[in-house]
């Protein structure tokens with residue numbers, strides 16, 4: 001349970017940092033505010049499997 005929480009927290013921090021660094025690179029919506037949010041969600045979904053592997057390799 002702790003590993004799952006750590007995975008989600010680290011993914012949120014990493015995706016937020018990536019979003020702040022790169023900005024909204026993908027055009028997912030014409031609305032600027034919705035596009036920023038969708039890009040953040042996309043970065044989260046891309047980073048989730050990567051952070052999952054890192055957390056379980058470090059813990060295991």
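Can you name the residue in segment 18-33 that is part of a helix (DSSP H, G or I) and touching a helix residue (DSSP H, G or I) at 6+ places or on another chain (Cβ under 9 Å) and, of all such residues, is surrounded by the most Cβ atoms within 10 Å (Cβ to Cβ)? Full working, then the answer.
We begin by selecting, within segment 18-33, every residue part of a helix (DSSP H, G or I); these are 18-22, 32-33.
Checking which are touching a helix residue (DSSP H, G or I) at 6+ places or on another chain (Cβ under 9 Å) leaves us with 18-19, 22.
Numbers: 18: 17, 19: 19, 22: 11.
Only one residue fits best here, namely 19.
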Every pair of residues 6+ apart whose Cβ atoms lie under 6 Å, when the first sits in segment 34-48 and is on the phi > 0 side of the Ramachandran plot and surrounded by fewer than 15 Cβ atoms within 10 Å (Cβ to Cβ) while the second is in a helix (DSSP H, G or I) and at pLDDT 95 or above: none
Unmet criterion (only one of (1) surrounded by 11 or more Cβ atoms within 10 Å (Cβ to Cβ); (2) modelled with pLDDT under 95; (3) assigned to a helix (DSSP H, G or I)) for residue 5: (1)
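The values are calculated or read from the model by the stated rules, or taken from the named source; none is laboratory data. Since the structure is predicted, the reported quantities are computational estimates derived from the model, not experimental observations. Here the Cβ is made from the backbone with ideal geometry for all residues, glycine too, and neighbour counts use every protein chain on show.
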